[in-house]
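Shown next, in structure tokens, is the structure this report addresses.
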Amino acid sequence: MAKRPSTLPWNLREPSTGIPLYRWLYEELRSAILAGHLRSGARLPATRDLAAQYRLSRPTVVTAFEQLRAEGYVEGRVGSGTYVSKTLPDELLHAPRLTAGARVRQRQRRLSAYAHRLRLAQAGVRPEANGEGTRTPTSTQPHTGARAGTLAPTLTLAPTPKYRPARAFRANQPALDQFPTALWAQVAARRLRRVSTQLLAGGEALGYRPLREAVADYLNTSRGVKCAGDQVVIISGVQQALDRAAHLLLDPGDRVWMENPGYPGAAAAFRAVGAAISPVPVDSEGLNLEAGRKLPKPRLVYVTPAHQFPLGVTMSLRRRLALLEWAGKTGTIIFEDDYDSEYRYSGRPIPALQGLDRSQSVIFTGSFTDVLFPALRLGYMVLPPALVDIFAAAEAISTHHPPLIDQAILCDFIREGHFARHVRRMRELYAERLSVLLESARAKLPGLLEIPAVEAGLRTVGWLQGGISAEQAAQRATKRGVEVVPLRRYAHGCVRREGVVLGFAAVHGGELKRGVEELARALEDVLGRRAD
Ligand SMILES: Cc1ncc(COP(=O)(O)O)c(C=O)c1O
């Protein structure tokens, strides 16, 4: 094997002022690759060595490498060797050669600061922890144990993988094979046969009015939300709500509290607009407000109170009231993500934060992704009245509104009672699957994995016992055809316990049983109790 170079075989130019150091390093390395100074397959120096050579912080070098990797210039992982890609991005190979100056100008023109931050978020880099633009990492993560410059949970922006029947324990899917497609087709066909010219002409930026009313009715009766149809905005899923809220409510440098562990897609949307994430621990009552209060004051708090993502904890009423009181006093916005909370199996449903809010601090959002099907890309926001106009303005200058015919079909599906029936049927099915999982786990996983009481949702955490590492567990499980996600992948800082996330909703009973048996074998492999 070629000996790893500890330094670059030439000197990098001095960084110019005003350019973040990781950006400078990234551009120098990229130019070297394009100019052929670093040939395909060449191994880059270790990040530690490069950092020492140029007196940079290691996270700065890691960030530059991650950027090169995200764009296809290098391959391999930081830590296990980084090599110049065998095939460089096509467009570059076929592009006419530019002078070095023109190349720099073109690169500088090409992307906004937002786009650049988005790239970093996509690559899973925490800009607030990487000492961007300075030689010393400025850790803005006040919680204990966060490592400056470590990689954040990666946001899956890649195309969705090809659909296959769900293996145990696929976590990000409802039971798509149970969706009543024939019924949906009937409702859609009827709507299309009778479509009015009014509907074809398009509609309001806030969404199809009858759907906004239907969603308001549903939320008032089922989710303890208090709203009129006027406050409801139809959007393309919770992810769009996060993106909108981030753009309209946050400025670069604003702080956002994120539940730790928590939903990576939210952190990525906030980071992309330049906000700094403060991870706040989650305990048995949800986001730990007392721990949060020791941190600098945020502009926005992101929470999943109905069942915390990914731990599944329901935020207690006491905590909800305390959070609302604090938000009202401090003028903080609460972003309440109610994602897939339709599925509650036990425990008393607690009204949404929005329904308890007296100070208009809460933005409530939910989605049809897991309740109906992901391709629909429809969801809703319930906004404090004072924010409705600005969200409408943002919609008007972008998509104008999500596809109106789909909104009308969904509205019919809800109004005709199919939605409520589907949710009821799925709740029963998911409850059955959950009990298969829990029973099999009780029989096969004692001493290896403990699943806490699961009150709601389509997935659960499993706590690993006996010092088993989640990464090793996931690797061994993959070899046995079982999918588990290490909890740390959702961490925004330190997560003390070793756990894995297990999905059960999309997985048939027999497959769940097989999955538990294989997982038990995988965990025993990790403990060295079984021969490979
Ligand atoms: C907690 C949470 N919020 C939001 C989303 C994104 O939802 P949508 O598909 O509606 O954009 C997800 C998707 O996995 C999620 O898990």
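The values are calculated or read from the model by the stated rules, or taken from the named source; none is laboratory data. What you see is a predicted model; the values in this text were computed from it and never measured. In this analysis, Cβ positions are derived from the backbone assuming ideal geometry, glycine residues included, and neighbour counts consider all displayed protein chains. Heavy atoms of the whole protein, side chains included, go into the accessibility calculation; ligands, DNA and RNA do not. Shrake-Rupley method; radii C 1.70, N 1.55, O 1.52, S 1.80 Å.
Computed quantities for the displayed model
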item	result
Average accessible surface area per residue within the chain, 1.4 Å rolling probe, Å²	45 Å²
Asp230 - accessible surface, heavy atoms, 1.4 Å probe, Å² rounded to 10	90 Å²
Bins of 5 Å, starting at 0 and running to the largest distance - Cα pair percent for region 204-249	5, 22, 24, 24, 19, 5, 0
For the chain, size of Cβ-based charge dipole, Lys and Arg +1, Asp and Glu -1, in debye	1320 debye
Phi-based couplings in Hz for region 324-330 (Karplus 6.51, -1.76, 1.60; Gly and Pro marked x)	5, 5, 5, 5, x, 5, 9
Tilt relative to the chain, helix 404-415 - C-alpha long axis, 0 to 90 degrees, to 10	40 degrees
Mean Cα-pair separation over length for region 268-394, i.e. relative contact order, pairs under 8 Å, 6 or more apart, %	19 percent
Diffusion constant of region 257-398 at 20 °C, which comes from Stokes-Einstein with the Kirkwood Cα-pair radius and 1.002 mPa s, µm²/s	136 µm²/s
Amide H partners (placed H, <5 Å) of Asp283, local residues excluded	Asn288
HN-Hα J in Hz across region 478-483 - Karplus 6.51, -1.76, 1.60, θ = phi - 60°, x for Gly and Pro	4, 4, 9, x, 10, 9
Nearest-10 value in Å² for the accessible area of His422, using the 1.4 Å probe	10 Å²
Cα Rg over Rh - the chain, Kirkwood	0.98
Helix 238-249 vs. the chain, principal-axis angle (Cα, 0 to 90°, nearest 10)	70 degrees
With DNA, RNA and ligands ignored, accessible area of Lys226 (1.4 Å probe; Å², nearest 10)	140 Å²
For Leu458, net neighbour charge (Lys/Arg +1, Asp/Glu -1) across residues whose Cβ lies under 11 Å away	+1
Ranked by how many other beta carbons lie within 10 Å on average, peptides 118-124, 489-495 from highest	489-495, 118-124
Positive minus negative residues near Ser359 (Lys, Arg vs Asp, Glu; Cβ under 9 Å)	0
Ranked order, Tyr339, Tyr218 - accessible area, probe 1.4 Å, largest first	Tyr339, Tyr218
Amide H contacts under 5 Å for Val74, placed H, 5+ residues apart	Arg69, Ser85
Mean-position separation - Cα centroids, region 171-232 and region 317-373, in angstrom	21 Å
The chain: angle of helix 113-122 to the longest principal axis, Cα-based, in degrees nearest 10	80 degrees
Sum of -39500 (n - 2.57) over DSSP H runs of 4+, divided by residues of the chain (222 nm, nearest 500)	-12000 deg cm²/dmol
Amide H partners (placed H, <5 Å) of Val485, local residues excluded	Val501
Reference-scaled alpha-carbon Rg (2.2 N^0.38 Å with N residues) for region 280-328	1.05
Sum of side-chain charges, Ala408 neighbourhood, beta-carbon under 11 Å (Lys, Arg +1; Asp, Glu -1)	+3
Lys/Arg +1, Asp/Glu -1 at C-beta; region 173-269 dipole; positive extreme among Gly253, Ala175, Ala189	Ala189
